[in-house]
Amino acid sequence: MRSQYIVPIGPDGIYEIKTGTWRTADPRIDEDACIRCGICLMHCPVGAVTREGERFTINLDYCKGCGICAHECPKGAITMEGRDTA
Amino acid sequence: MSQVEVMNGNRAAGIAACLARPDVIAAYPITPQSSVVEFISRMIAEDKLDAKICEVESEHSAMSVLEGASLAGGRTFSATSSQGLALMYEPYFRASTLRLPIVMAIANREMISPQTLWASAQDSLSVRDAGWMQFYVEDNQEILDTLLQAFRIAEDSRVLLPINVCYDGFYLSHMSERVVVPDPEEVDAFLPDGYHPQHILLDPDRPMAVDPLTNGDLLTEYRAKHLAAQQAALEVIEQVDAKFSAAFGRSWDGAVEAYRIDGDCEAVVVTLGSMTGAGREAVDRMRESGASVGLLKLRVVRPFPAKEVRELLRGIPAVGVVDRNVSFGWDTGIIYQEVSSALYGVQGTARVPMIAGLGGQDITVEMFEDALRTLLERGRAGSACSPEFPETIWLSQDGEEETR
């Protein structure tokens, strides 16, 4: 038995679904090109981008690899590095 | 002191709901249920019941309002019929899968088309697999008593499931008879004081996420627990009926009532709802003329009391199930299929599907006598006349039984 409950509820919020396992391409931020504008953070559909001090980082547990951040970045500082595609 | 009053079934349902002191009532008018909620609404307007009644724009909203109220820890009540129940389908499912002990009366009415208003359990039986408990009652006293039992069964920590108390539209909803109305203090002593959920609650002091996106493995676990709660309810139903009997002096025999079924019984009819009275009368008349016949009244359809039905019918040479509804695709009624499943593998019992009273037509004593005579013949003929898939007999008032 995984759940102590009889109904679909959870005291900690939504169940953890690690969407990072869906990813077929990994985002890479070019720190030199990045202007710290935060547009990638605002557009990430799963909230995988966080700001740590002056830097932006991407949590690969949740990044699905959709590439929206790379598309929206005004400086082209994010690239998607494919794993399966040449 | 309890009082004896003459009233129709809808008033009995309304009185029972008020006696249970619900916190929130929400319903949308639909024939033949409407006067249940009209009665409760008047009670609240006259300050005789301290509860909130919510006027809604549809049955979908009625059930959704009750889910919110139940999640907030309120005792809740509604009533509906037929198309109203159909419009409620989506939140109807959620009420059971969220394990909310909502009590809802259903004045049974045919499903359209053709356009119709009259009695048949087609509406509620069509949603028998949506996770609710479903009771079917015979007379107005049983409506009142079963609704009081319903709150206690639904809110029992071993159960925590919503519950329908179903009664035939017009035959019970609009027909008047003698009903004993218990004293409010007696009901207070019988029913726990309010509903105090621990398993799911909108509580700022103990926040929890309700109904988040759930993966299949956890969903499977919740389904298994839901099925187990339905089975646990069978015992709770018996216990609550015993406690009710001790408090009020009336027992309804739990999930199944065996009427004049004994070791020599040659034929038994299985009934549901208001037709049972005519069935009892037919059994009495046939017994007077020397025939060994009996009746099994199915009071609870969900959870299905399979073991009890199997044990009561085992060894009876012929069993007929009279359905005031149809199972499209099986060419029989719905209860016939349920009873047949319970009797799976039982040897020496001829099973006969019978359909009668659709669209609110009368099911008369004479029709039951015809049915019992047919069953006696089938039973005496033995296995030669009991095919695995017997044709349905359509009982009619002119005495002609037919297969169509």
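The values are calculated or read from the model by the stated rules, or taken from the named source; none is laboratory data. This one's a predicted model, so the numbers in the text were calculated from it and none came from an experiment. Positions of Cβ are backbone-derived with ideal geometry, glycine not excepted, and every protein chain shown enters the neighbour counts.
Among the residues of segment B:181-203, which ones are among the aromatic types (F, W, Y) and within 14 Å of another protein chain (Cβ to nearest Cβ)?
None; the set is empty.
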Out of segment B:150-170, which residues are out of contact with any strand residue (DSSP E or B) (no Cβ under 9 Å at 6 or more places or on another chain) and within 23 Å of B:T271 (Cα to Cα)? none
Would you mind finding the one in B:R373, B:R380 that is closer than 15 Å to B:V269 by Cβ, outside any loop (DSSP other than H, G, I, E, B) and among the basic types (K, R)? B:R373
Among the residues of segment B:213-267, which ones are farther than 26 Å from B:L295 by Cβ and not in a helix (DSSP H, G or I)? B:L213, B:T214, B:N215
Condition met for B:R178 (away from chain A (no Cβ under 14 Å), farther than 20 Å from B:F77 by Cα and not in a loop (DSSP other than H, G, I, E, B)): yes
If I ask for residues that are within 18 Å of B:V283 (Cβ to Cβ) and not small (G, A, S), which ones from segment B:354-370 would you list? B:M354, B:D362, B:I363, B:T364, B:V365, B:E366, B:M367, B:F368, B:E369, B:D370
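Take segment B:170-228 and flag every residue that is among the basic types (K, R) and either modelled with pLDDT under 90 or more than 22 Å from B:R158 (Cα to Cα) (or both). Before you say what the answer is, go through the steps one by one.
Here is the first cut: in segment B:170-228, the ones among the basic types (K, R) are B:178, B:206, B:223, B:225.
Within segment B:170-228, B:R178, B:R206 qualify.
Which of the residues spanning segment B:204-216 are of a type in the set (D, E) and either facing chain A (nearest Cβ under 7 Å) or in contact (Cβ under 8 Å) with a residue 40 or more places away in the chain (or both)? Steps first, please.
If we filter segment B:204-216 for residues that are of a type in the set (D, E), which is where we start, we get B:205, B:211.
Matches in segment B:204-216: B:D211 only.
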Quickly run through segment B:151-198 and pick out the residues that are farther than 27 Å from B:A72 by Cβ, crowded, with 19+ Cβ neighbours inside 10 Å and of a type outside the set (A, V, I, L, M, F, W, C). B:Y167, B:D168, B:G169, B:Y171, B:S173, B:P182
Go through segment B:9-38 and report how many residues are buried (at least 19 other Cβ atoms within 10 Å of the Cβ) and either of a type in the set (F, W, Y) or not in a loop (DSSP other than H, G, I, E, B) (or both). 20
Taking into account only those residues within segment B:217-230 that are exposed (fewer than 14 other Cβ atoms within 10 Å of the Cβ) and under 30 Å from B:S251 (Cα atoms), which is farthest from the other protein chains (Cβ to nearest Cβ)? B:L227
Quick check on my filter: what residues within segment B:227-247 are within 20 Å of B:K297 (Cβ to Cβ) and touching a Pro at 6+ places or on another chain (Cβ under 6 Å)? B:A233, B:L234
Somewhere in segment B:114-132, is a residue more than 14 Å from every other protein chain (Cβ to nearest Cβ), of a type in the set (K, R) and in a loop (DSSP other than H, G, I, E, B)? yes
Checking B:V187, B:V179, B:V210 in turn, the sole residue that is in contact with a helix residue (DSSP H, G or I) (Cβ under 7 Å, 6 or more places away or on another chain), among the β-branched types (V, I, T) and over 30 Å from B:E38 (Cβ atoms) turns out to be B:V210
Tally the residues that are of a type in the set (S, T, N, Q) and surrounded by 19 or more Cβ atoms within 10 Å (Cβ to Cβ), restricting the search to segment B:108-125. 4
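Regarding B:I163, is this residue of a type in the set (A, V, I, L, M, F, W, C) and away from chain A (no Cβ under 13 Å)? So that I can check it myself, show each step before the final result.
Numbers: of a type in the set (A, V, I, L, M, F, W, C): yes; away from chain A (no Cβ under 13 Å): yes.
Here the answer is yes, as B:I163 does meet what is asked.
Name the one entry in B:L296, B:L312 that is modelled with pLDDT of 95 or more, over 19 Å from B:E388 (Cα atoms) and either assigned to a strand (DSSP E or B) or among the β-branched types (V, I, T) (or both). Write out each step before concluding.
Values: B:L312 fails: either assigned to a strand (DSSP E or B) or among the β-branched types (V, I, T) (or both).
Result: B:L296 is the single residue among B:L296, B:L312 that is modelled with pLDDT of 95 or more, over 19 Å from B:E388 (Cα atoms) and either assigned to a strand (DSSP E or B) or among the β-branched types (V, I, T) (or both).
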Could you count how many residues in segment B:315-341 are of a type in the set (A, V, I, L, M, F, W, C), under 20 Å from the mean Cα position of the chain (by Cα) and not in a helix (DSSP H, G or I)? 3
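Is there a residue being of a type in the set (A, V, I, L, M, F, W, C) and without any contact (Cβ under 8 Å) to a residue 24 or more places away in the chain anywhere in segment B:306-321? Walk me through how you get there before you give the answer.
Quick first cut of segment B:306-321, residues of a type in the set (A, V, I, L, M, F, W, C) only: B:306, B:309, B:312-313, B:316, B:318-319, B:321.
Within this subset, residues satisfying the condition of being without any contact (Cβ under 8 Å) to a residue 24 or more places away in the chain are none.
The answer is no, given that none of the residues of segment B:306-321 is of a type in the set (A, V, I, L, M, F, W, C) and without any contact (Cβ under 8 Å) to a residue 24 or more places away in the chain.
If the requirement is being more than 23 Å from B:E155 (Cβ to Cβ), basic (K, R) and over 20 Å from the mean Cα position of the chain (by Cα), which of these qualifies: B:R42, B:R11, B:R21?
B:R42
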